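Trainee: Just passing along the structure, written as structure tokens.
The values are calculated or read from the model by the stated rules, or taken from the named source; none is laboratory data. Every value quoted in this text rests on a predicted model; they were computed, and no experiment measured them. Glycine gets a Cβ as well: all are built from the backbone with ideal geometry, and neighbour counts include every protein chain shown. To get the accessible areas, we keep the full protein, side chains included, count just its heavy atoms, and leave off ligands, DNA and RNA. Shrake-Rupley method; radii C 1.70, N 1.55, O 1.52, S 1.80 Å.
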Amino acid sequence: MADQNFPLTGFSSLAIHGGHEQDPRYAHLTPIYATSTFVYDSAEQGMRRFSGKEDGYIYSRWGNPTMEEAADKIAAMESFGITDAGGRPITVKGYLQASGMAAVNTLFMSTLKTGDKILSHYSLYGGSQEFMDKLLPEFGISVVIADLRDLDKAAAALKADPAIKMVYLETPANPTLQCVDIEALTKLGKQYGKIVACDNTFATPYLQQPFRFGVDFVIHSTTKFLNGHGTSIGGIVLGRDVEFMNAWAYKVHKLLGGNSNPFDAFLLINGMKTLEVRMERHCHNAMEVAGFLEGHAAVAKVNYTGLPSHPDYYISSKQMRHPGAMLSIELKGGIQAGIDMMNSLKMCTRTVSLGTCDTLMCHPASMTHYSVPKAQREQYGITDGLIRISVGMENIQDIIADMDQALK
Ligand SMILES: *Cc1c(COP(=O)(O)O)cnc(C)c1O
């Protein structure tokens, strides 16, 4: 940890030093604490640990030094430079999870009960959407879907249904890259006394800090840009009510058992140190790729919030540092053009997921959404010729040359 009396003023300084504590055996990096349990000097010490009178680790599902460093680093980045109404820096608390979906689960299980409803947008990560559609109703929790880019519709939904307990945002959203206004929706949600949560996976805290706009909870799939190298699945749930996080959310986290593990946490810690430099390069490349594809004869449409042609250009530029590294394109030639482009790639990687060093491309109509009927997937904006791109950090001339030859 950097000296407590030496406040870090830059994002990378925080990403590198935040959450780190001196290892008792002087290892430079926090080791992979591969241990299920922790020992006591005496029965009395065990008693003090269990009763919470003495800080210290007990059992790795509850907490572990490697996982805690990763969680504290993300908490530091998500709260960096944000002050409360009295001008004091805010603190947030997070628990590292086995996956982004485990984070979604821990969030819902610690905040909702039977009879509650969630208000959300129609464009969401597929797993989150399926969780809300198929699993939550089994527990008497349902979801109200509205176009949250329209504040009047959001207000009407909140007014019409007092059972709504949470407003759940994901912005930019998968797979359409639609953005919703975090500040305006949080203000609206708070007017009606609702919990507001935001999935910040696509943006990362370097590009966007939802706590700045007053949201209560932030979740991530750390699998993507936070890890940055595609080496592990992971997630985190973070809250700004530290008392709630230390008490009830901690209990739910321990009982659900969706914790991460020391090895994945180690990979995550080290991946996150370069978040700022990686995102700068990712975003720079994405803008170049979007500009190239927008003028291409084989491309009907480019969905990138950094282009003034995107309907959410304004919202994205208001709440994000850069418009991100994700974009999608619509090929003029439909499904066959999509298959041909995927088959012709010589450097870019054919795969799902996002946020790694290499450029990742997928064709949902022949891959992730192959079994979804055409009419249904088109409702989610997944047309035959849609290609989703996670723009990587290769040299831009090579990315563009590969796309250009693949489109011929
Ligand atoms: C990938 C993803 C998730 C789910 O995360 P996993 O780590 O795959 O469980 C949730 N939300 C968004 C926006 C994602 O991209």
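Trainee: Would you mind checking Lys194/Lys224; Lys224/Lys301; Lys187/Lys301; Lys159/Lys187 for any pair whose Cα atoms are more than 22 angstrom apart? Display every interim value, and only then the final one.
Mentor: On the way: Lys194/Lys224 29 Å; Lys224/Lys301 25 Å; Lys187/Lys301 33 Å; Lys159/Lys187 14 Å.
Flagged as over cut-off: Lys194/Lys224; Lys224/Lys301; Lys187/Lys301.
Trainee: Where is the GNM fluctuation largest for the chain (alpha-carbon springs, 10 angstrom cutoff): Pro262, Pro364, Pro31?
Mentor: Residue with maximal mean-square fluctuation among Pro262, Pro364, Pro31: Pro31.
Trainee: Using a basic spin-label model with each label point 7 Å from the Cα along Cα→Cβ, how many nm lie between Asp398 and Tyr192?
Mentor: Roughly 4.9 nm, to one decimal.
Trainee: Still on this structure: With labels modelled as points extended 7 Å from the Cα through the Cβ direction, what inter-label distance (nm, one decimal) is found for Thr114 paired with Val352?
Mentor: Label-label distance for Thr114 and Val352, simple model: 3.3 nm.
Trainee: Using Cα centres only, tell me the gap between region 348-378 and region 197-269 in whole Å.
Mentor: Their Cα centres are 25 Å away from one another.
Trainee: Would you mind getting the accessible area per residue of the chain, heavy atoms of the protein chains only, 1.4 Å probe, in Å²? Write out the running numbers ahead of the final one.
Mentor: Numbers: 18070 Å² over 408 residues.
Value returned for the chain: 44 Å² of accessible area per residue.
Trainee: Shifting gears a bit: Which one, Asn200, Thr111, Ile219, is farthest towards the positive end of the dipole of the chain when Lys and Arg carry +1 and Asp and Glu -1 on their Cβ?
Mentor: Of Asn200, Thr111, Ile219, it is Thr111.
Trainee: Accessible area of the chain with a 1.4 Å probe: how many percent of it is carbon plus sulfur? Don't skip to the answer; put the middle values down first.
Mentor: On the way: 9980 of 18070 Å².
Here it works out to 55 percent.
Trainee: Here is a further query. How much length is gained if the chain between Ser12 and His28 is pulled fully straight, taking 0.36 nm per residue apart and subtracting their Cα-Cα distance, in nm to one decimal? Kindly include the intermediate steps, with their values, before the conclusion.
Mentor: Details: separation 16, 0.36 × 16 = 5.76 nm, distance 1.82 nm.
Fully extending the segment from Ser12 to His28 adds 3.9 nm.
Trainee: Right, next: Could you give the C-alpha radius of gyration of region 90-158 expressed as a fraction of 2.2 N^0.38 Å, taking N as the number of residues it contains?
Mentor: Working: Rg = 13.4 Å, N = 69, 2.2 N^0.38 = 11.0 Å.
Dividing the Cα radius of gyration by 2.2 N^0.38 Å gives 1.22.
Trainee: Here is a follow-up. Taking the dipole about the Cα centre of the chain, with the C-beta of Lys and Arg at +1 and of Asp and Glu at -1, give me whichever of Ser390, Val180, Gln191 is farthest to the positive side.
Mentor: Final value for the positive-end residue is Gln191.
Trainee: Net charge around Gly258, counting only other residues with Cβ within less than 14 Å of its Cβ (Lys, Arg = +1; Asp, Glu = -1)? Present the calculation step by step, with values, prior to reporting the outcome.
Mentor: On the way: positive: Arg61, Lys251, Lys254; negative: Asp264.
Summing Lys/Arg as +1 and Asp/Glu as -1 gives +2.
Trainee: While we're on this one: Counting pairs of alpha carbon atoms under 8 Å apart in space and at least six apart in sequence, what relative contact order in percent does region 317-408 give?
Mentor: On the way: 139 pairs, mean separation 36.6, N = 92.
RCO, region 317-408: 40 percent.
Trainee: Also: Relative contact order for the chain: what is it in percent, counting Cα pairs under 8 Å that are at least 6 residues apart?
Mentor: Details: 781 pairs, mean separation 64.1, N = 408.
Result for the chain is 16 percent.
Trainee: Would you check region 1-118 for Lys pairs whose C-alpha atoms are within less than 29 Å, ignoring same-chain pairs closer than 8 in sequence, and give me the count?
Mentor: On the way: Lys53/Lys73; Lys53/Lys93; Lys73/Lys93; Lys93/Lys113; Lys93/Lys117.
Step by step, the pairs that qualify in region 1-118 add up to 5.
Trainee: Pick from Asn395, Asn285, Asn64 the residue whose mean-square fluctuation is largest in a GNM of the chain, springs joining Cα atoms under 10 Å.
Mentor: In the Gaussian network model the winner is Asn395.
Trainee: Using a Gaussian network model on the chain with a 10 Å cutoff between Cα atoms, which of Thr222, Thr186, Thr37 fluctuates the most?
Mentor: Among Thr222, Thr186, Thr37, the largest mean-square fluctuation in the Gaussian network model of the chain belongs to Thr37.
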